[in-house]
Amino acid sequence: MKNKIIFFRNLGLEDWLTTVNKMNTFTQLRDINTFDEIWFVEHYPIFTQGQLNRKDKIKFIHNIPIVNSNRGGRITYHGPGQQILYFLINLKRRKINIRQLVDMMQEIVIEILNHFSLQAYVKKTSPGVYINKKKICSLGLRVKKGCTLHGLALNVDMNLTPFDYIHPCGDENMKMTQIKDFNLYVKLEDIRLIFIKKLSKFLDAYIINHEYNS
């Protein structure tokens with residue numbers, strides 16, 4: 001039964017550190033009886049550095065804070081209008097590995113974009129989802145105690161300018177895009193509803209949807 005239920009929580013717009021502290025605490029305290037959870041959230045403007053390129057001397061870039069994260073990957077930007085999903089999944093219980101989860105996440109994003117008539121694809125050399133040689137969705141995960149932390153960030157309707165201040169994902173040639181550049185009418189609420197349906201199907205789970213503001 002634990003494998004059939006996932007709690008789906010919408011945290012709204014929240015400070016990155018607040019969410020990460022919740023996520024780390026959740027993972028530290030969880031046991032074999034803990035249900036998996038997936039969190040929707042948007043963050044206030046922030047640059048986060050993955051474990052592949054930590055730099056402690058720089059604290060701000062154009063007045064936007066830059067922080068270290070325990071996820072995989074390199075540097076990226078988060079801001080309002082970007083739909084983030086944190087996957088708190090027990091891999092062993094679901095009998096999947098991290099590679100299968102990444103493939104599933106990318107396939108779901110591609111299907112969602114296809115729903116809005118956007119032709120997206122993946123690259124073997126760089127995780128994430130792309131449209132017209134530009135990145136629209138970034139992935140970064142960590143596994144602890146056999147369970148995942150962090151997840152994906154899908155650009156929907158945000159200010160993309162801060163991406164120009166960095167080399168997204170460590171690639172100096174990387175350009176970013178978003179759904180708004182192709183479809184002006186898609187809202188984050190639309191994206192969340194489709195994510196719920198797709199995740200329920202791909203994970204063969206019953207989604208229990210909760211607001212979560214604690």
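Could you please give the count of residues in the stretch 146-190 that are over 16 Å from residue 77 (Cβ atoms), part of a loop (DSSP other than H, G, I, E, B) and aliphatic (A, V, I, L, M)?
2
Looking at residue 119, is it in a loop (DSSP other than H, G, I, E, B), at pLDDT 95 or above and either in contact with an Asp or Glu (Cβ under 7 Å, 6 or more places away or on another chain) or farther than 17 Å from residue 71 by Cβ (or both)?
Yes.
Does the stretch 166-199 hold any residues that are surrounded by 14 or more Cβ atoms within 10 Å (Cβ to Cβ), over 21 Å from residue 12 (Cα atoms) and polar (S, T, N, Q), and which are they?
Across the stretch 166-199, the qualifying residues are 177, 183.
If I go through the stretch 90-116 residue by residue, how many of them are part of a helix (DSSP H, G or I), in contact (Cβ under 8 Å) with a residue 24 or more places away in the chain and not basic (Lys, Arg)?
Of the residues in that region, 14 qualify.
Got a number for residues in the stretch 122-139 being surrounded by fewer than 21 Cβ atoms within 10 Å (Cβ to Cβ) and either assigned to a loop (DSSP other than H, G, I, E, B) or of a type in the set (Gly, Ala, Ser) (or both)?
5
Test residue 84 against the stated conditions and say whether it is over 19 Å from residue 158 (Cα atoms), in contact with a Ser or Thr (Cβ under 9 Å, 6 or more places away or on another chain) and surrounded by 15 or more Cβ atoms within 10 Å (Cβ to Cβ).
no
For residue 204, all conditions in the list (1) farther than 26 Å from residue 23 by Cβ; (2) assigned to a loop (DSSP other than H, G, I, E, B); (3) not aromatic (Phe, Trp, Tyr) hold save one; what is the number of the exception?
Going through (1) farther than 26 Å from residue 23 by Cβ; (2) assigned to a loop (DSSP other than H, G, I, E, B); (3) not aromatic (Phe, Trp, Tyr) one by one, residue 204 breaks only (1).
Let's see how each residue does on (1) at pLDDT 95 or above; (2) out of contact with any strand residue (DSSP E or B) (no Cβ under 9 Å at 6 or more places or on another chain); (3) closer than 19 Å to residue 148 by Cα:
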| position | (1), (2), (3) |
| --- | --- |
| 21 | yes, yes, yes |
| 61 | no, no, no |
| 69 | no, no, yes |
| 74 | no, no, yes |
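The values are calculated or read from the model by the stated rules, or taken from the named source; none is laboratory data. The model shown is predicted, which means the values in this text are computed figures rather than measured ones. Heads up, the Cβs are rebuilt from the backbone with ideal geometry, glycines too, and the neighbour counts pull from every protein chain shown.
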